[in-house]
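Scroll down for the structure; my scribbles are underneath it.
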Amino acid sequence: MSDVLTITDLGISFSTDAGAVRAVDGVSLRVAPGEVLAIVGESGSGKTVTAKTILGLLPETATASGVVLLSSKDGSSEHDILSIGKRKLRQVRGTDVSMVFQEPSTALNPVYTVGWQIAEGIRAHGEFSRKEAKAKAIEILGRVGIPDPETRVNYFPHQFSGGQKQRVVIAMALVLDPGLIVADEPTTALDVTVQAEILDLLRRCRDEFGTAIVLITHNMGVVADLADRVAVMYQGKVVEEADAQTLFSSPQNDYTKRLLAAVPHVGQGIAHAAVRAEAREPAWLELPPVVVADNLTIEYPGRFGRTGFTAVDGVSFVIRPGEVLGLVGESGSGKTTTGRAIAGLTRVTGGSLTVLGHEMHGFREREFKKLRSDIGFVFQDPASSFNPLLTIAECVAEPLVVHGRAGNPAGARTRVNELLEAVQLPRAYGDRYPHELSGGQRQRASLARALALEPSLLIADEPTSALDVSVQARVLELFAELQEEFGFAALFISHDLAVVDILADRIAVLYKGKLVEEGTGAEVLGAPKDPYTQRLLASLPVPDPAEQADRREKLRRLRAAG
């Protein structure tokens with residue numbers, strides 16, 4: 001059969017006030033039936049723009065040239081997406097090509113049940129009764145692994161976990177049996193165990209449905225796990241294209257080599273931790289700890305007569321001055337709840353939690369307020385944690401103004417400039433607004449704001465999860481440099497074991513609110529004792545197709561063993 005998708009010399013420009021911006025420049029790609037093509041590259045390389053072109057989803061400000069030839073699954077018809085009308089385009093979407101969007105929470109309508117949303121797509125493309133459409137919705141939910149689909153077809157999106165919502169979005173894409181699925185960062189916001197399940201599901205889509213997949217991602221481990229061929233994009237051009245095995249074993253382009261070198265690996269942190277340990281004073285262990293958790297319990301009360309939910313259950317750990325503790329675990333394990341309790345944002349309901357010498361169980365805000373300036377917080381998504389109406393300089397100056405270190409943002413500008421330079425941002429960026437910075441630049445500005453008051457404790461909650469590998473590598477290097485320069489203790493929360501391994505002196509593993517394992521990176525990641533830690537480690541995709549196939553088999557055996 002001929003290719004499902006053929007892109008020839010695609011060029012896309014966007015009209016702006018400053019003139020035309022060339023986003024995609026002369027891209028040519030092809031996808032065979034049942035093949036997985038991964039398009040990789042850093043933010044701004046043109047990956048998502050190319051993907052949206054396949055479905056005709058470009059905004060009106062875009063001008064496209066070239067050919068995007070899409071064939072039906074049975075090969076009976078083909079269309080040039082750039083030249084067909086809107087009516088024909090609506091017929092093609094869903095039946096010939098579907099899209100799995102990056103964030104399922106925004107792709108699903110919160111006011112309709114998932115069954116209604118799946119059935120809506122079915123009825124838009126054929127004469128189906130409500131009963132028939134619902135039956136197809138139930139069938140497809142079952143096929144993508146949603147438990148009890150007959151009941152859950154009537155659930156609303158908020159009643160599903162993040163991984164289940166992604167399965168629902170994949171079900172919506174598959175229900176009309178298209179020949180091609182475009183998956184845009186389908187695993188970015190998911191923890192490693194759920195990510196492994198979604199990758200298994202996409203592999204089943206290819207094998208059972210015979211669906212070709214265009215995978216847009218910045219995670220090279222995901223590429224090694226799933227892709228047959230890989231196209232590397234940089235500044236709107238395809239700089240290298242090869243089968244997955246060849247690309248990972250012998251990359252040719254310098255940019256591809258840099259991209260692969262930026263991927264963190266488990267085991268990299270052993271040398272870093274040893275250097276940090278040698279630099280400490282002999283009396284370091286005798287210094288009073290910054291954080292002491294002793295049988296820490298945090299329970300959320302039930303509503304309307306229901307029993308409460310224990311988010312953190314009898315957890316004990318210590319963070320010493322200048323030490324980085326990595327807190328890992330899947331979604332719902334209690335990581336963020338623990339971090340928020342240390343910052344005084346969530347109430348402790350049992351046990352003891354001492355932060356900077358202050359007991360947090362039953363604390364009073366008036367007493368704790370004076371200690372808040374010693375605690376910095378780096379949020380997961382800097383885009384939503386910054387006020388969009390304030391400039392970056394005003395955002396960074398906010399802690400200084402709130403705690404009385406400066407009368408107004410203008411008075412704090414000298415200190416703000418020093419902070420921006422410390423996080424390797426030009427001081428001129430202080431006059432920009434958050435939306436004018438890239439994701440990596442916003443995260444650096446978030447670090448600057450967290451360090452504004454020179455805290456002795458920094459809490460970083462998933463600060464690199466949404467960044468592509470090259471930007472993530474620079475932010476991690478910066479975090480390590482700043483930690484060495486300022487000497488703050490840190491709680492680094494993440495679901496990425498390789499990232500935590502690079503930064504942390506010790507790693508604590510949480511599972512369902514309990515601490516199941518704690519130790520150095522060499523102990524926890526080199527020789528994990530708890531079965532959950534072993535599964536977590538096996539779930540982490542690595543940028544090597546052959547090794548990843550072995551790890552996938554190991555994970556299958558661990559799951560089978562329970």
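The values are calculated or read from the model by the stated rules, or taken from the named source; none is laboratory data. From a predicted model like this one, the values you see are computed outputs, not experimental measurements. Every residue, glycine among them, receives a Cβ derived from its backbone with ideal geometry; neighbour counts consider all protein chains shown.
Residue pairs, Cβ under 6 Å, 6 or more apart or interchain, first in segment 324-336 and within 9 Å of residue 509 (Cβ to Cβ) and without any contact (Cβ under 8 Å) to a residue 60 or more places away in the chain, second among the basic types (Lys, Arg) and buried (at least 24 other Cβ atoms within 10 Å of the Cβ). List them.
As it stands, the answer is none, since no pair meets every condition given.
Before we move on, is residue 216 more than 30 Å from residue 518 (Cβ to Cβ), among the aliphatic types (A, V, I, L, M) and not in a loop (DSSP other than H, G, I, E, B)? Let's see the steps before the verdict.
Working: more than 30 Å from residue 518 (Cβ to Cβ): yes; among the aliphatic types (A, V, I, L, M): yes; not in a loop (DSSP other than H, G, I, E, B): yes.
When the stated conditions are applied, residue 216 passes them.
Out of 240, 197, report the one residue that is part of a strand (DSSP E or B), touching a helix residue (DSSP H, G or I) at 6+ places or on another chain (Cβ under 7 Å) and either of a type in the set (D, E, K, R) or not assigned by TED's automatic domain parsing to the domain that holds residue 48 (or both). Break it down stepwise before answering.
Numbers: 197 fails: part of a strand (DSSP E or B).
None of the other options fit; the residue is 240.
Please state which of the following conditions residue 118 fails to meet, knowing it meets all the rest: (1) buried (at least 20 other Cβ atoms within 10 Å of the Cβ); (2) closer than 25 Å to residue 72 by Cβ; (3) touching a residue at least 60 places away in the same chain (Cβ under 8 Å).
Among (1) buried (at least 20 other Cβ atoms within 10 Å of the Cβ); (2) closer than 25 Å to residue 72 by Cβ; (3) touching a residue at least 60 places away in the same chain (Cβ under 8 Å), the lone unmet condition for residue 118 is (3).
In segment 255-296, which residues are in contact with an Asp or Glu (Cβ under 6 Å, 6 or more places away or on another chain) and at pLDDT 80 or above?
Matches in segment 255-296: 256 only.
Of everything in segment 1-19, what is surrounded by fewer than 14 Cβ atoms within 10 Å (Cβ to Cβ) and within 29 Å of residue 76 (Cβ to Cβ)? Give them in sequence order. Spell out the reasoning first.
So the first thing to find is which residues in segment 1-19 are surrounded by fewer than 14 Cβ atoms within 10 Å (Cβ to Cβ), and the list is 1-2, 9, 15-19.
1, 2, 9, listed by residue number.
Checking residue 365 against (1) in contact with a His (Cβ under 7 Å, 6 or more places away or on another chain); (2) within 20 Å of residue 346 (Cα to Cα), which test does it fail?
The number of the failed condition is (1).
With respect to residue 517, determine if the residue is of a type in the set (D, E, K, R), in a helix (DSSP H, G or I) and more than 23 Å from residue 188 (Cβ to Cβ). Please lay out each step first, then the result.
Details: of a type in the set (D, E, K, R): yes; in a helix (DSSP H, G or I): no; more than 23 Å from residue 188 (Cβ to Cβ): yes.
When the stated conditions are applied, residue 517 does not pass them.
Which of the residues belonging to segment 525-557 are in contact with a Lys or Arg (Cβ under 8 Å, 6 or more places away or on another chain) and in a helix (DSSP H, G or I)?
Selection gives 535, 538, 555.
Tell me which residues, restricted to segment 484-505, are surrounded by fewer than 21 Cβ atoms within 10 Å (Cβ to Cβ) and either in a loop (DSSP other than H, G, I, E, B) or touching a strand residue (DSSP E or B) at 6+ places or on another chain (Cβ under 7 Å) (or both).
Residue satisfying the conditions is 487 alone.
List pairs: first in segment 277-292 and in contact (Cβ under 8 Å) with a residue 60 or more places away in the chain, second loosely packed, with under 15 Cβ neighbours inside 10 Å and not basic (Lys, Arg), Cβ under 8 Å, 6+ apart or cross-chain?
Qualifying pairs under 8 Å: 288/357.
Restricting the first residue to segment 522-550 and requiring it to be under 14 Å from residue 192 (Cα atoms) and in contact (Cβ under 8 Å) with a residue 24 or more places away in the chain, which pairs with a second residue that is of a type in the set (Ser, Thr, Tyr) and buried (at least 20 other Cβ atoms within 10 Å of the Cβ) meet a Cβ separation below 6 Å and a spacing of at least six or different chains?
Qualifying pairs under 6 Å: 539/193.
So which of 38, 51 is touching a residue at least 60 places away in the same chain (Cβ under 8 Å), touching a helix residue (DSSP H, G or I) at 6+ places or on another chain (Cβ under 7 Å), crowded, with 19+ Cβ neighbours inside 10 Å and under 17 Å from residue 97 (Cα atoms)?
Working: 51 fails: touching a helix residue (DSSP H, G or I) at 6+ places or on another chain (Cβ under 7 Å).
Of 38, 51, the one residue that is touching a residue at least 60 places away in the same chain (Cβ under 8 Å), touching a helix residue (DSSP H, G or I) at 6+ places or on another chain (Cβ under 7 Å), crowded, with 19+ Cβ neighbours inside 10 Å and under 17 Å from residue 97 (Cα atoms) is 38.
Among the numbered conditions (1) of a type outside the set (A, V, I, L, M); (2) without any contact (Cβ under 8 Å) to a residue 40 or more places away in the chain; (3) farther than 30 Å from residue 29 by Cα, tell me where residue 167 comes up short.
(3)
Within the group 275, 263, 312, which residue is touching a strand residue (DSSP E or B) at 6+ places or on another chain (Cβ under 6 Å) and either aliphatic (A, V, I, L, M) or in the same structural domain as residue 224 (by TED's automatic domain parsing) (or both)? It would help to see each step written out before you state the result.
Values: 275 fails: touching a strand residue (DSSP E or B) at 6+ places or on another chain (Cβ under 6 Å); 263 fails: touching a strand residue (DSSP E or B) at 6+ places or on another chain (Cβ under 6 Å).
The unique qualifying residue is 312.
Which residue out of 477, 462 is surrounded by 20 or more Cβ atoms within 10 Å (Cβ to Cβ) and under 27 Å from residue 433 (Cα atoms)? Walk me through how you get there before you give the answer.
Working: 477 fails: surrounded by 20 or more Cβ atoms within 10 Å (Cβ to Cβ).
Exactly one of 477, 462 is surrounded by 20 or more Cβ atoms within 10 Å (Cβ to Cβ) and under 27 Å from residue 433 (Cα atoms), namely 462.
Looking at (1) at positive phi; (2) surrounded by fewer than 18 Cβ atoms within 10 Å (Cβ to Cβ); (3) under 26 Å from the mean Cα position of the chain (by Cα), find the lone condition where residue 345 falls short.
(1)
In segment 1-112, which helices (runs of 4 or more DSSP H) lie fully inside it and hold 3 or more residues that are hydroxyl-bearing (Ser, Thr, Tyr)?
Details: elements: 47-54, 86-92, 104-107.
Where helices (runs of 4 or more DSSP H) fall fully within segment 1-112 and carry at least 3 residues being hydroxyl-bearing (Ser, Thr, Tyr), they are 47-54.
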